[in-house]
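The structure under discussion appears below in the form of structure tokens.
The values are calculated or read from the model by the stated rules, or taken from the named source; none is laboratory data. What you are looking at is a predicted structure, and each value in this text was computed from that prediction instead of being measured. In this analysis, Cβ positions are derived from the backbone assuming ideal geometry, glycine residues included, and neighbour counts consider all displayed protein chains.
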Amino acid sequence: MAQLTLEVTVRPEIGGGRPRRLRRAGLLPGVLYSRGEEPIPLTLDQAHIKKATGRLRENQIVSLEIELEGKKLKKPAIVKDIQVDYLAGVVLHIDFQQISLDKKLTATVPIIPIGEAIGVTRDGGILEHILREVEITCLPTNLPEVIEVDVSALGIGDTIHIEDIPAIDGVTVLTKPTLSIFALAAPITEEEAAAEEVEEAEAGEGEAEEEAEGEDAKTED
């Protein structure tokens with residue numbers, strides 16, 4: 001995974017309305033965590049992040065260029081968490097974890113399908129994405145952004161498990177090998193679809209009745 005250098009500054013003031021003021025000024029609050037050390041509140045330039053990457057991703061390896069006690073230091077870190085306001089479409093806060101480039105780390109990586117399952121294109125089946133992330137361990141320089149799994153050979157009734165993922169150089173998968181990632185289900189018949197609609201309608205009616213009974217009970221009290 002490519003390593004990006006981010007210039008950050010130490011944030012002297014935390015809490016209250018400070019983060020909102022920072023975001024209005026085009027800045028972004030963050031925190032750098034290190035084992036055995038106090039967390040360091042940070043300020044990042046949103047425009048710099050967008051220009052450099054378009055979008056910072058979780059599990060991305062970065063080099064934080066930070067000035068501490070009069071010294072400019074570079075600290076390798078992994079992006080651990082990005083808080084996003086999806087309604088406004090803006091990043092609210094970023095957490096970094098300091099790492100050592102020569103020590104293995106544990107991370108959770110997304111699994112995505114590639115190819116078109118023959119059971120879908122030929123037989124009208126339904127591809128079920130059961131497990132969307134996998135836990136791995138590796139050196140930071142070997143950390144993949146995603147793990148791609150080829151589903152093109154899947155037919156009706158077939159399943160791909162963790163143990164079926166091709167080996168990745170320098171990466172060890174920690175997730176239980178027998179867990180299913182993808183499965184190809186048979187297409188739903190008209191009768192099954194109609195039965196599901198009836199079940200959903202009945203479930204909705206039952207919930208409405210329970211809510212009405214609850215309101216009646218409150219009124220009597």
Inset, instruction - Considering (1) closer than 29 Å to ALA77 by Cβ; (2) exposed (fewer than 15 other Cβ atoms within 10 Å of the Cβ); (3) modelled with pLDDT of 95 or more, say which one ALA153 fails and leave the rest. - result: (1)
Inset, instruction - Please indicate, with yes or no, whether at least one residue in the stretch 131-150 is over 30 Å from LEU101 (Cβ atoms) and modelled with pLDDT of 95 or more. - result: yes
Legend entry - Hey, LYS103 under 27 Å from SER34 (Cβ atoms), without any contact (Cβ under 8 Å) to a residue 60 or more places away in the chain and either among the basic types (Lys, Arg) or surrounded by 15 or more Cβ atoms within 10 Å (Cβ to Cβ) (or both) or not: yes
Legend entry - Residue list for the stretch 131-147, restricted to those being over 15 Å from the mean Cα position of the chain (by Cα) and either of a type in the set (Asp, Glu) or surrounded by 14 or more Cβ atoms within 10 Å (Cβ to Cβ) (or both): THR137, CYS138, LEU139, PRO140, ASN142
Inset, instruction - Could you run through the stretch 158-167 and say how many residues are surrounded by fewer than 18 Cβ atoms within 10 Å (Cβ to Cβ) and at pLDDT 95 or above? - result: 5
Inset, instruction - Please verify whether the stretch 55-68 includes one or more residues that are more than 19 Å from PRO144 (Cα to Cα), surrounded by fewer than 19 Cβ atoms within 10 Å (Cβ to Cβ) and within 16 Å of the chain's Cα centre (by Cα). - result: no
Inset, instruction - State all residues of the stretch 89-100 that are free of Cβ contacts under 8 Å to residues at least 60 places away in the same chain and either among the polar types (S, T, N, Q) or farther than 30 Å from GLU37 by Cβ (or both); if no residue qualifies, say none. - result: GLY89, SER100
Legend entry - Wholly enclosed helices (runs of 4 or more DSSP H) of the stretch 9-122 bearing at least 3 residues of a type outside the set (S, T, N, Q) and modelled with pLDDT of 85 or more: 118-121
